[in-house]
Amino acid sequence: MLGELITSKTRLRLLLKFFISEANRGYLNGLASEMGESTNAIRKELNHLQTAGYLKKIKLDNKIEYKANIKHPLYEVLKKVVMKHLGLEDIVEKVLERMGDVKEIILVGDYAKGIDSGKIEVFLIGKELNMEYIAQLEYKIENLIKRKVSFYLANKFLGNQAHIILFNEKNQ
């Protein structure tokens, strides 16, 4: 979806990194290593996004860190577009459709860190979840969003790893 609109793969990967979670941050060299790109390609796109106001540049000691500018008027729009691009809205919608008593849906793994690895890992927290539907759901969603999806079931999430809460029944 976004690949056709944003032709620079580096820019797209940076948007995914910073707009999937406002907690995600990065330094030039770390981003270059993480994305397997040259520092020049990353620098060019970071400067472009920062000049446009989408990213904030923060100087820490002798390093410069980048993060999403959450005060930008398009921040929420871009975050929703990134979620839609990754298929996360589809996951939430399909899970809530017939899963049972879902309390929370939590994104973990690479995507919670803003890394587009192709494997989406999701914790489903709840009681008496429909196990038959879960088995079918992974396959359906993978075909829908063209990414590998793994669901983990639990009664409670300890939260000792990077995560993004996609759904919480208390906030609905």
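Per-structure values
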quantity: Failed condition for VAL77, given (1) part of a helix (DSSP H, G or I); (2) in contact (Cβ under 8 Å) with a residue 40 or more places away in the chain; calculated: (2)
quantity: In the stretch 132-165, the residues that are farther than 17 Å from ARG98 by Cβ, among the hydrophobic types (A, V, I, L, M, F, W, C), within 17 Å of the chain's Cα centre (by Cα) and in a strand (DSSP E or B); calculated: ILE164, ILE165
quantity: Hits in the stretch 115-130 (condition: buried (at least 17 other Cβ atoms within 10 Å of the Cβ), acidic (Asp, Glu) and outside any strand (DSSP E or B)); calculated: ASP116
quantity: Options ASN62, ASN40, ASN24; residue that is outside the structural domain of GLY109 (by TED's automatic domain parsing) and within 15 Å of the chain's Cα centre (by Cα); calculated: ASN24
quantity: The stretch 148-171, subset in contact with a helix residue (DSSP H, G or I) (Cβ under 9 Å, 6 or more places away or on another chain) and farther than 20 Å from GLU138 by Cα, residue modelled with the highest pLDDT; calculated: ALA162
quantity: Residues satisfying the stated conditions in the stretch 40-59, i.e. over 20 Å from LYS9 (Cβ atoms) and in contact with a strand residue (DSSP E or B) (Cβ under 9 Å, 6 or more places away or on another chain); calculated: LYS56, LYS57, ILE58, LYS59
quantity: So LYS84, is it of a type outside the set (Ser, Thr, Tyr) and at pLDDT 90 or above; calculated: no
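The values are calculated or read from the model by the stated rules, or taken from the named source; none is laboratory data. Since the structure is predicted, the reported quantities are computational estimates derived from the model, not experimental observations. Positions of Cβ are backbone-derived with ideal geometry, glycine not excepted, and every protein chain shown enters the neighbour counts.
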